[in-house]
Amino acid sequence: MQPELGPDVDVIVIGAGVSGIAAASTLVAAGKSVMILEARKRIGGRVWTDVSKGYPMDLGASWLHTFWFNPMTQKAKELNVELVPTVYANVILYDHDGDPISRKLTRSMFSQMNHIHAHIRNVSYPPGTTLQEVINKCRPDYPPGDIRHRVWN
């Protein structure tokens, strides 16, 4: 089935996931008429909460990483979506062999992650910079064989 494209459609956006909807919103705000084409029978892309069993279960994206500069944070606030902070005290990290890392080292890892996040907020890196390159700059004391290095990879 092909949609009828009239002269009022300026832009066709492919995909009704977060990026497609954001692109369409930006285009509409700029005065363009937009048609969104989505292959699935639902919108949202990876953001999908299934309620078919009588309770909500997130089957896709459900966590706003780096919320302080994630553009979805503002959108969530505009839509009155409840934002619940992650309780890192309950997080279990695993090393590259799949073995759990001790609570002491986990606390150290989150402390180091906070250090790296603070560094990222205060230092500009060119597009394409990898997390490993950032870690090498702000934590040169991490030797490649160190367990903390392996956890980051």
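Looking at (1) out of contact with any Leu (no Cβ under 6 Å at 6 or more places or on another chain); (2) closer than 30 Å to GLN112 by Cα, can you tell me which one VAL51 breaks?
(2)
Would you point out which residue out of ALA76, ALA39, ALA16 is of a type in the set (Gly, Ala, Ser), exposed (fewer than 12 other Cβ atoms within 10 Å of the Cβ) and outside the structural domain of ILE135 (by TED's automatic domain parsing)?
ALA39 is the lone residue from the list that is of a type in the set (Gly, Ala, Ser), exposed (fewer than 12 other Cβ atoms within 10 Å of the Cβ) and outside the structural domain of ILE135 (by TED's automatic domain parsing).
Which residues, taken from segment 9-51, are within 30 Å of TYR88 (Cα to Cα) and either among the basic types (Lys, Arg) or more than 21 Å from the chain's Cα centre (by Cα) (or both)?
Selection gives ARG46, VAL51.
For segment 96-112, name all the residues that are surrounded by 13 or more Cβ atoms within 10 Å (Cβ to Cβ) and either touching a strand residue (DSSP E or B) at 6+ places or on another chain (Cβ under 6 Å) or part of a loop (DSSP other than H, G, I, E, B) (or both).
Of everything in segment 96-112, just one residue is surrounded by 13 or more Cβ atoms within 10 Å (Cβ to Cβ) and either touching a strand residue (DSSP E or B) at 6+ places or on another chain (Cβ under 6 Å) or part of a loop (DSSP other than H, G, I, E, B) (or both), namely ILE101.
Can you name the residue in segment 81-93 that is touching a residue at least 12 places away in the same chain (Cβ under 8 Å) and over 21 Å from ASN70 (Cα atoms) and, of all such residues, is surrounded by the fewest Cβ atoms within 10 Å (Cβ to Cβ)?
By that ranking, first place goes to ILE92.
So which of GLY54, GLY45 ends up being surrounded by 10 or more Cβ atoms within 10 Å (Cβ to Cβ) and either in contact (Cβ under 8 Å) with a residue 60 or more places away in the chain or at positive phi (or both)?
When all the criteria are applied, what remains is GLY45.
Filter segment 1-31 down to residues that are of a type in the set (Gly, Ala, Ser) and assigned to a loop (DSSP other than H, G, I, E, B) and give me whichever is modelled with the lowest pLDDT.
GLY6
Would a scan of segment 123-134 turn up a residue that is surrounded by 11 or more Cβ atoms within 10 Å (Cβ to Cβ), at pLDDT 80 or above and assigned to a helix (DSSP H, G or I)?
Within segment 123-134 (the criterion being surrounded by 11 or more Cβ atoms within 10 Å (Cβ to Cβ), at pLDDT 80 or above and assigned to a helix (DSSP H, G or I)), the answer is yes, since at least one residue qualifies.
Name the residue that is farthest from the chain's Cα centre (by Cα), counting only residues in segment 57-73 that are part of a loop (DSSP other than H, G, I, E, B) and surrounded by 12 or more Cβ atoms within 10 Å (Cβ to Cβ).
GLY60
The values are calculated or read from the model by the stated rules, or taken from the named source; none is laboratory data. Since the structure is predicted, the reported quantities are computational estimates derived from the model, not experimental observations. Note that each Cβ is placed from the backbone with ideal geometry, even for glycine, and that neighbours are counted across all protein chains shown.
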